[in-house]
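S.K.: The structure follows.
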Amino acid sequence: TQEICNEINRIRETSKTENERETFQTENERNERAILDLSDEVNEIHEADIFQIDQKQASEDRSLNSIFDEIASKIDICKGTVRNFYKRKTKNPQQKTKDEIRKWVNEEGGNHSNLNN
C-alpha cells in the first residue's frame, strides 16, 4: 500500500508540473500575441502618420520641423514626441501618444484615413 501511495503522489506531482508548464506556455503565448497586436497597432499608426506628414510636406513645401511644430500645437503632445514617433524612435509609445496622433491623422486625412481607436 505504501508503494501505491508513493506512486499516486508521484503521478500527482508529475501532473501538477505538466499543468504548470502548460499554463506558463499559454501565458507566454498570450503575452507574445499581445506584443504582436501592439506592434501591429503602432505600425499602422506610424504608417498613417508618416504618410500624412509626407503628403503635407510635399503639398505645402515646408520643413519637417515646421510641420512637427504645427502638429504639436494641434494635439496634446510635445514636438519632440511627434518627431521621434515620425522617425520611429518611439518603439512603445504611451497610449496618450497613440491616441493623439491617431486623432490628428484622422482629422488631417478626412475621409481618406480612418484609424480605429
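S.K.: Could you give the nm distance between label points at residue 94 and residue 6, where each point is 7 Å from its Cα heading toward the beta carbon?
M.R.: Spacing of the two 7 Å Cα→Cβ label points: 6.1 nm.
S.K.: Which net charge results when you count Lys and Arg as +1 and Asp and Glu as -1 among the other residues whose beta-carbon is under 10 Å from that of residue 86?
M.R.: The answer is +2.
S.K.: Can you sort 61, 40 so the residue with the fewest Cβ neighbours within 10 Å comes first?
M.R.: Fewest-to-most ranking of 61, 40: 61, 40.
Each value in this text was obtained by applying a stated rule to the coordinates, not by laboratory testing. Since the structure is predicted, the reported quantities are computational estimates derived from the model, not experimental observations. All Cβ positions, even for glycine, are placed from backbone atoms using ideal geometry, and neighbour counts span all protein chains on display.
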